[in-house]
Amino acid sequence: MSDPTNPFEMMMRQAQEMAKAMNPALESFSPKGFEKLWPTMPKEFMEMSFGRGINKEGLDAKTRLLLTLAGLTMLGAQSDTQIRLTVRHALEAGATKDEIAETIAQMAMFAGIPSMTRAMGFAREVMDETGEEGKEK
């Protein structure tokens, strides 16, 4: 074993070379750009699917999405795509930028400041793309 490369690095390099050989366009593939293709559900659909459509006295979609955002932050903010999509959907469901920031900031007490800072960075990316009302520019 004279090769210092670990097996995972070798496997990833081989997969990248294979992808380039099969489809050269994959060389410039960006998962973050792929997120923009995922549609934002209308607020009414979110309410029907995740909000009061399930339980008329239950949590609304906005609250459920803020709880989801808190949970994703608690996991160490490892899922950047999921955090950005959740922020986008929370804005659509009526959450304000301040409510989103407060939800993430609250998690610093439980998940730690690094997780909070990372999640806040992902959320800020989405919020910077939107106008004051939370709609995309």
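The values are calculated or read from the model by the stated rules, or taken from the named source; none is laboratory data. Here the structure is a predicted model, which means the values were calculated and not measured. We place every Cβ from the backbone using ideal geometry, glycine too, and count neighbours over all the protein chains shown.
Quick look at the values:
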| quantity | calculated |
| --- | --- |
| Count of region 102-115 residues which are surrounded by fewer than 21 Cβ atoms within 10 Å (Cβ to Cβ) and over 16 Å from Thr63 (Cβ atoms) | 8 |
| Scope region 84-99; condition free of Cβ contacts under 8 Å to residues at least 40 places away in the same chain, out of contact with any Ser or Thr (no Cβ under 9 Å at 6 or more places or on another chain) and either in a loop (DSSP other than H, G, I, E, B) or not charged (D, E, K, R) (or both); matching residues | Thr96 |
| When residues of region 67-83 are limited to those that are part of a helix (DSSP H, G or I) and surrounded by 21 or more Cβ atoms within 10 Å (Cβ to Cβ), the one farthest from the chain's Cα centre (by Cα) | Thr73 |
| Residues that are among the basic types (Lys, Arg) and buried (at least 24 other Cβ atoms within 10 Å of the Cβ), drawn from region 84-98 | Arg88 |
| Which numbered condition Met41 misses (of (1) loosely packed, with under 12 Cβ neighbours inside 10 Å; (2) at pLDDT below 80; (3) hydrophobic (A, V, I, L, M, F, W, C)) | (1) |
| Ile100, sole failed condition from (1) within 14 Å of the chain's Cα centre (by Cα); (2) closer than 19 Å to Trp38 by Cα | (2) |
